[in-house]
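Chemist: The structure under discussion is supplied below as structure tokens; questions concerning it will follow.
The values are calculated or read from the model by the stated rules, or taken from the named source; none is laboratory data. A quick note: this is a predicted structure, and the numbers were derived from the prediction, not measured. Please note: Cβ atoms are built from the backbone with ideal geometry, for glycine as well, and neighbour counts cover all protein chains shown. Surface accessibility is based on the protein's heavy atoms, side chains included, excluding ligands, DNA and RNA. Shrake-Rupley method; radii C 1.70, N 1.55, O 1.52, S 1.80 Å.
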Amino acid sequence: MAWKFKYEKAEQEKLYAQTHQKTVEVAVEKKVPYEKCGKCDRTAYQKAKEKCDNRKSQLEKKYKNMTTGYESILFLLAWYSITITLFTAILSPVFLNDCITFFGVLGKGMGSLFREFVIGADSFGQLSSGIPNRILSGLMYWLIVAIVMGILFIITGLLIVGIGYQVGKIYQKYCWDIISIVEVITSTAIAIYFGDWIKSVISINLITLLLLVHVVYIGIRCYVKDWMEERGYC
């Protein structure tokens, strides 16, 4: 009977241990690189690290100063080039006449578009002619005209803003760098200084020619950058 009692007691202790288990965290020593221990001295490492950090900080400041100076010089050169180019454009009869012609045609086109809007709004406004009351008919006419004009202007504005936003995104992604500034200044300077010779070879408005050249330039930059990204060059 004694062995049976011991067996039952052991089973009870086992069951108690299983139902009353506790999780105890035991600290385990883990080796960490450069951690100080009883057999080494990390003073040399600390000094080397401080020296490296100081050197890194000095190089970062030097790089920042050099970058700021480089950007300032580029800004001054760009400003000088643009100023000289604009003054030369004003003194160039061929380029100035093409500018006046281009923006004159653009203004006439906007005026024609506005007239088309007015004609379209007037056509919709004629729907109010079926109202017998003259005063109410007039009010409805102007209300319809205002609504149609507002819708046309909103649609046109959204199209212009959307196209401009997409062009801006493409330009910022592919052409937002010093190369594009050089391209704009160089192509404009060529169109101004050699405008007579260009128009003797190609009968085209110089502003239109500049826009076409810039569109071709953007297309080339997009193709080149996509080609380089596909091959992992950038």
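Chemist: Calculate the spin-label point distance for Leu76 paired with Tyr171, positioning each point 7 Å from the Cα along the beta-carbon direction, and give it in nanometres.
Modeler: Label at Tyr171, label at Leu76, 2.7 nm between them.
Chemist: Still on this model: Please compute the length gained on full extension between Thr156 and Ile179, using 0.36 nm multiplied by the number of residues separating them and subtracting their Cα-Cα distance. Write out the running numbers ahead of the final one.
Modeler: Details: separation 23, 0.36 × 23 = 8.28 nm, distance 3.30 nm.
Full-extension gain reported as 5.0 nm.
Chemist: Give me the accessible area of Asp226, 1.4 Å probe, in Å² rounded to the nearest 10.
Modeler: Result for Asp226: roughly 60 Å² accessible.
Chemist: Kindly list the residues of the range 151-191 that lie in the label zone of Ile220, defined by a backbone N under 11 Å from the point 7 Å along the Cα-to-C-beta vector.
Modeler: 183
Chemist: Calculate what fraction, in whole %, of the accessible area of the range 126-173 sits on carbon and sulfur atoms when a 1.4 Å probe is rolled over the protein chains. Don't jump to the answer; show the numbers that get you there.
Modeler: Working: 2930 of 3830 Å².
Answer for the range 126-173 is 77 percent, counting heavy atoms of protein chains only.
Chemist: Nearest 0.05, what FRET efficiency do Ile90 and Phe124 give at R0 = 45 Å with Cβ-Cβ as r? Numbers along the way, then the final one.
Modeler: On the way: r = 46 Å, r/R0 = 1.01.
FRET efficiency, Ile90 to Phe124: 0.50.
Chemist: So, by mean Cβ neighbours within 10 angstrom, what's the order for 126-133, 89-96 with the highest one leading?
Modeler: 89-96, 126-133
Chemist: Can you give me the Kirkwood hydrodynamic radius for the range 32-175, using every pair of distinct Cα atoms, in Å to one decimal?
Modeler: Numbers: mean 1/r = 0.0425 Å⁻¹.
Its Kirkwood hydrodynamic radius stands at 23.5 Å.
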